[in-house]
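A.B. asks: Once you've had a glance at the structure underneath, I'll fire off some questions.
The values are calculated or read from the model by the stated rules, or taken from the named source; none is laboratory data. Bear in mind the structure is a predicted one, so any value in this text is a computation, not a measurement. With ideal geometry, Cβ positions are generated from the backbone for all residues, glycine too; neighbour counts draw on all protein chains shown. Surface accessibility is based on the protein's heavy atoms, side chains included, excluding ligands, DNA and RNA. Shrake-Rupley method; radii C 1.70, N 1.55, O 1.52, S 1.80 Å.
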Amino acid sequence: MSEANPTQPESGADPVLLKRLDAAIGRLRNTSDKLKMRQQQPAIEQAERLLTSPGGVHACLARIVSMDEAGIFVGTDWNHPARLKPVLVRHTLESGDATALVLETLSELRFLAIAGGQYAHAEVSSEEAHHFLAQVLGLNLERLFGSQTEVARFQDPAWTEALAQLFRCLAEEIGYGRIFDAVISEIWRILAQRPIQTDRLKAMVAQLSLWSRESSNEQSPSGWGADRLVSALFGPTNECREDPGADAYEAKLSTLDEKALAQEAAGMARAMHDTGLVSAYHAVLLRHLVAFRTDLVPDCLGLSSTGRENYNSFAELTHALVDKAIHVETAQSIYGLSLLLERGILHLPPTAPALWRQIQLKLSPESAQRLIDSFGNTPEPEARLLAGVISILGQPLGVGQGNNPTCQAARAIAMWSYTDPDYLLQLVAWAARDNEIRMSFEGESISSGNLNAGLAKSGLVDVDPVSAILVPHLDRVYMEMGRLCAGREGDPHRWINPEMHGWWVGRQFNIVVDVPTGKLTDIEGFVQRFYAAFHPDHNGGQPLIHPSPAGIAVTDSAARFVGWHAIAIVRVSRDPSGEVRVYFFNPNNDSGQDWGDGIKVSTSGNGEFYGESSVPIADFTSRLYIFHSDPLEQTASQPVSSDEVEKVRSKIASSWGQDRL
Amino acid sequence: MTDYNPDKGYIALLGWSLSAIDAMEKFDRHYLIVAPSWAKEYAEAHDIPFLAWDFERLNEKSFEIAQTLKEMGIDVAVPLFEETVEWAGAINSVLLDNPRLLGQSMLLRDKSLMKRRAQLGGIRVGIFEEAHDRADVVRFLRRVNQTLLKLDGDTNDPIHFKAFDLAGCMGHRVIRTADDVDSIPDEDFPALMESHLDGWEFAAEAWIHDGKIRFLNISEYVRLGYSVFVPASPELEALRDKVEEEIKKLIKAFDIKFGFIHPEYFIANDDVMYFGEVAYRPPGFKVFELLERVYGFNAYQGMVMMFDPKTTEEEIEAFFPTPVKDADGHAGCFGVYPRNRVVSKLSIPEETENHPYFEWHELSEPMESKVAKRSAFGNHWGLVYFHGEDAETLRDLLKAQEKLDFYV
């Protein structure tokens, strides 16, 4: 099918557009390799016209082989299908860049042609193409069902339709049964990291539920775990199994006897802890119990003895938090509340009074507006923010940077919540009430109020309420600290990290890159110092006390350098198999990454707590480029063997360090 | 290109043209681009064989470049732009050991010498004269109109003013009044002046090898400097034999053994063909691209074959299609000039976009919002391409583009 058959009617596609595209493909094909770029853009533009017109997706599919062979992908990121990653597709489809959008769409059509056997491609087999598309579908399920995401709302309706058409084509090719399983396991994989922001996951589960109802009479999807997801969200207990609606459920509650109510409480808690998802019914029940049966509140939160003890000590505060913050719209924060009590942080003297302040806090008009823009009017912005605070304190490592270049700020919030919740609550109060935060940098006071926008130029996308309020300020302060370091030799994080995050950041700054040249420097010493600070066999078995900010060189699945990224080392210890692993917090939204060279970041199954990522320590060190340490803390330790150093060095050399040796 | 045929010539292309480079990349000849040093970086980045040379006026260095190319083993030089025509003549006179080639190229570069030579060859030309300053222009304008028995106060018939050595529309002005004369810049002198002939203006492209025409195309101008299409309409193609005869006269008058010429003609109301001018290089208005669209052959490759002394007869016969008969419809293009003085963005008119003959365009967003006033015909901002079956529809469509705004 290298040429479209002109006699065959092409499902209503405009013949004029077809002719233009065919002519453009012809010009592209006739252009020599060195000058392909000259004819790529015109061909891409014609493809866009066709894609966004009726019947366009099928017509492009019929031409995808000739487009690929003519060189439409040459010199672009899409040229090698084997190197493409399903997880990146979503971001491209949302980017709004017309060229990227066309190439991404055509790339999916190429996979489709390969999967369907119409195109024998040297790089990718039919099975691999199938697998790729199944993952793309799972990660972009809402496209298939045409549900309106924030992003889709800003997109040209013709493109929204084209993408819906594309995903229908993909689903037909892949088969609904296959995606069903892929979608389910994808949801479980992300839930295993217990993110605070679950809106997208909940939308996916909602689609799953509709879908399984619709397809129940065709093929029965195997759908392992689908029921648990759907029921956790829409019918976690006996009394709401039929998804009766919040009002009907509330009315029912007052008619239940003691035993039934206790079962409701336990059932809700079970579903929540099983999945990390909280049903809106859970909020209805919890409010009911706080009002009428406080003795069942611990059961409803699923608390252990630690949590129960905390609840009993701070019942009044807990009730006030529920009353103000927990509503049907903010039900997810019940999970945060449960974990907040389990962490025992209310016993830190400033925490409880700081939370009372938060309950009373009035927001500045700017802060209120920011929350309304992201989350709507119900509940009121104060309640929305309080719910966000509860989530952050309960799930420090559940915070994510969303679709924003603000990993530094997200990491800072996570570390403060983890180690210094009082300080975090103070920052939130300043930012929300005063629309300003102050930090000092080497004795100089920096106010976020006087500064211009930092890395996140426009509004933040897809973040929790605390981040929505705090990140713009942190981002500006971070940029300002960077500006104050301009002209200093070396990496500015040497000075910024301790000043920005806190006294507990180690004062010895270790970097393996020589900043002026970009070359690697003293790998041996770098590895020795890292192991001496963190590895239990080399630091006298001292567990890490505070989370430690660090910088990694992120590599893709082909081990190519992608960029610098901020993470926090949380623990270093032995996994169940006895291997020493670094457990760290990654502020990106999905920590399960493939760093290439066989290094796969694990998020569960290797001793991780929720929200942690982990890799074996040598693999981690091979991607590390900055860390902080405190030599005075360290005992004399035995040096790292030359074998181990060599192992790290070779993994650097074969990946991001390739051109830096 | 790494895999070339060692039995064919080693070609030097004079001037920087990506279309020509693209053609050579796909062709079987070893090639070298000789162009100004500003192109060096691009050439190196794209692995294009390159020799930097600044084509100023011919000077004593012309022998140096000829010698350099000869030592490199170059067989022939092919000019791509008006400015490189006499360089090609000078270089080829050394490479091919034929001193007359330089003189021939000088004739083809100087519009006045060209005209006289054509006249000597028995070719019909209009009234023409050389102008060295503005007074010459005023005198010529008055005398032409006197000849036409115009009275003072009648509207003048225009005259055409063409800087001696500028390509095509560059430096071509239509003069009707003394005010028009004042607007001519000093650097456009000396120039050729011609009387205006009402009639049908068109161009032809002839690929010549061994003194014979190997392919003849007639390009129909819809409006000079704005639009052209190929092959010409059936009405104009009806004159093909006559055109061919005229071109044979040119070949003889200029003693052209090989290469490529691009002459312009007028058919006056009395059905007599007048010679306008001729260029020894590719036409400026992307006629080569249009030919590729309808015939499928690469016109640059055809041109290089004409110059290459190692080209064989069989090769030529296999290369060119049969004119008109082998064409897939008609292809035309329109050069866009902004019509407003201030523009903010590119906006393809709906009438254009929705017409089934519209194919694509190479316009880009405006770099600056103020549009420089157009004095001579000057440079368009980019071309819009059309393709369709019917010549008359295409001609009307191209004509209609003149009234549309592509920049608003």
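A.B. asks: State yes or no: is B:E86 closer than 16 Å to B:M305 by Cα, open to solvent by less than 40 Å² (accessible area, probe 1.4 Å) and not assigned by TED's automatic domain parsing to the domain that holds B:A253? If you could, list the steps in order and put the result at the bottom.
C.D. replies: Details: closer than 16 Å to B:M305 by Cα: no; open to solvent by less than 40 Å² (accessible area, probe 1.4 Å): yes; not assigned by TED's automatic domain parsing to the domain that holds B:A253: yes.
In short, no.
Let's see how each residue does on (1) free of Cβ contacts under 8 Å to residues at least 24 places away in the same chain; (2) open to solvent by 60 Å² or more (accessible area, probe 1.4 Å); (3) in a loop (DSSP other than H, G, I, E, B):
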site: A:R571; (1), (2), (3): no, no, no
site: A:N588; (1), (2), (3): no, no, yes
site: A:W595; (1), (2), (3): no, no, no
site: A:V615; (1), (2), (3): no, no, no
site: A:D619; (1), (2), (3): no, no, no
site: A:T635; (1), (2), (3): no, yes, yes
site: A:K651; (1), (2), (3): no, no, no
site: A:G657; (1), (2), (3): no, no, yes
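A.B. asks: I need the full set of residues from segment A:489-501 which are more than 23 Å from A:N404 (Cβ to Cβ) and either within 25 Å of the chain's Cα centre (by Cα) or modelled with pLDDT of 90 or more (or both), in order please.
C.D. replies: Residues of segment A:489-501 that are more than 23 Å from A:N404 (Cβ to Cβ), as a first pass: A:489-490, A:494-495, A:498.
Of everything in segment A:489-501, those that are more than 23 Å from A:N404 (Cβ to Cβ) and either within 25 Å of the chain's Cα centre (by Cα) or modelled with pLDDT of 90 or more (or both) turn out to be A:R494, A:W495, A:P498.
A.B. asks: Let me spell it out: the conditions are (1) touching a Leu at 6+ places or on another chain (Cβ under 8 Å); (2) at pLDDT 90 or above, and A:A383 meets all of them except one. Which number is the exception?
C.D. replies: (1)
A.B. asks: Would you be able to say whether some residue in segment A:56-64 is within 12 Å of chain B (Cβ to nearest Cβ), of a type outside the set (G, A, S), touching a residue at least 40 places away in the same chain (Cβ under 8 Å) and open to solvent by 10 Å² or more (accessible area, probe 1.4 Å)?
C.D. replies: Quick first cut of segment A:56-64, residues within 12 Å of chain B (Cβ to nearest Cβ) only: none.
No, there is no match, as no residue in segment A:56-64 is within 12 Å of chain B (Cβ to nearest Cβ), of a type outside the set (G, A, S), touching a residue at least 40 places away in the same chain (Cβ under 8 Å) and open to solvent by 10 Å² or more (accessible area, probe 1.4 Å).
A.B. asks: When you check A:I72 against the structure, is it aliphatic (A, V, I, L, M), open to solvent by less than 10 Å² (accessible area, probe 1.4 Å) and either over 20 Å from A:L170 (Cα atoms) or within 14 Å of chain B (Cβ to nearest Cβ) (or both), yes or no?
C.D. replies: Working: aliphatic (A, V, I, L, M): yes; open to solvent by less than 10 Å² (accessible area, probe 1.4 Å): yes; either over 20 Å from A:L170 (Cα atoms) or within 14 Å of chain B (Cβ to nearest Cβ) (or both): yes.
It is true that A:I72 is aliphatic (A, V, I, L, M), open to solvent by less than 10 Å² (accessible area, probe 1.4 Å) and either over 20 Å from A:L170 (Cα atoms) or within 14 Å of chain B (Cβ to nearest Cβ) (or both).
A.B. asks: Inspect segment B:246-254 for any residue being outside the structural domain of B:E292 (by TED's automatic domain parsing), surrounded by 20 or more Cβ atoms within 10 Å (Cβ to Cβ) and free of Cβ contacts under 8 Å to residues at least 60 places away in the same chain and give the result as yes or no. Break it down into steps so the answer makes sense when it comes.
C.D. replies: First, the residues of segment B:246-254 that are outside the structural domain of B:E292 (by TED's automatic domain parsing): none.
Checked against the condition, which is being outside the structural domain of B:E292 (by TED's automatic domain parsing), surrounded by 20 or more Cβ atoms within 10 Å (Cβ to Cβ) and free of Cβ contacts under 8 Å to residues at least 60 places away in the same chain, segment B:246-254 yields no hits at all.
A.B. asks: Based on what the data block shows, is B:K26 surrounded by fewer than 19 Cβ atoms within 10 Å (Cβ to Cβ) and within 13 Å of chain A (Cβ to nearest Cβ)? Steps first, answer last, please.
C.D. replies: On the way: surrounded by fewer than 19 Cβ atoms within 10 Å (Cβ to Cβ): yes; within 13 Å of chain A (Cβ to nearest Cβ): yes.
Taking the combined requirement at face value, the residue satisfies it.
A.B. asks: Are any of the residues in segment B:338-350 closer than 21 Å to A:L18 by Cβ and either of a type in the set (S, T, Y) or over 25 Å from the mean Cα position of the chain (by Cα) (or both)?
C.D. replies: The first filter runs over segment B:338-350 and keeps only residues closer than 21 Å to A:L18 by Cβ, leaving B:348, B:350.
Okay, now just the ones that are also either of a type in the set (S, T, Y) or over 25 Å from the mean Cα position of the chain (by Cα) (or both), so B:348, B:350.
For segment B:338-350, residues closer than 21 Å to A:L18 by Cβ and either of a type in the set (S, T, Y) or over 25 Å from the mean Cα position of the chain (by Cα) (or both): present.
A.B. asks: Something else now. How many residues does segment A:255-278 hold that are surrounded by fewer than 22 Cβ atoms within 10 Å (Cβ to Cβ), part of a helix (DSSP H, G or I) and of a type in the set (D, E)?
C.D. replies: Selection size over segment A:255-278: 2.
A.B. asks: Of all residues in segment A:328-354, which are crowded, with 23+ Cβ neighbours inside 10 Å and among the β-branched types (V, I, T)?
C.D. replies: Within segment A:328-354, A:T330, A:I334 qualify.
A.B. asks: Looking for whichever is open to solvent by 10 Å² or more (accessible area, probe 1.4 Å), modelled with pLDDT under 95 and over 24 Å from A:Q193 (Cβ atoms) here; the options are A:R357, A:R370, A:R433. Which one fits?
C.D. replies: Details: A:R357 fails: modelled with pLDDT under 95; A:R433 fails: modelled with pLDDT under 95.
Sole residue among the options that is open to solvent by 10 Å² or more (accessible area, probe 1.4 Å), modelled with pLDDT under 95 and over 24 Å from A:Q193 (Cβ atoms): A:R370.
A.B. asks: Checking A:E316 against (1) open to solvent by less than 70 Å² (accessible area, probe 1.4 Å); (2) in a helix (DSSP H, G or I); (3) not small (G, A, S), which test does it fail?
C.D. replies: (1)
A.B. asks: Taking only pairs six or more apart or across chains, which ones have beta-carbon atoms under 6 Å, a first residue in segment B:34-51 that is within 11 Å of chain A (Cβ to nearest Cβ), and a second residue that is open to solvent by 60 Å² or more (accessible area, probe 1.4 Å)?
C.D. replies: Here the result reads none, with nothing in segment B:34-51 linked to a residue that is open to solvent by 60 Å² or more (accessible area, probe 1.4 Å).
A.B. asks: Same structure, new question: Got a number for residues in segment A:227-269 being closer than 15 Å to A:L289 by Cβ, under 35 Å from the mean Cα position of the chain (by Cα) and among the polar types (S, T, N, Q)?
C.D. replies: 2
A.B. asks: Within segment A:524-533, is there a residue that is part of a strand (DSSP E or B) and farther than 16 Å from A:R411 by Cα? Give the derivation first.
C.D. replies: Taking segment A:524-533 and keeping what is part of a strand (DSSP E or B), we get none.
No.
A.B. asks: Exactly one condition in (1) open to solvent by 60 Å² or more (accessible area, probe 1.4 Å); (2) at positive phi is false for B:A318; which is it?
C.D. replies: B:A318 satisfies every listed condition except (2).
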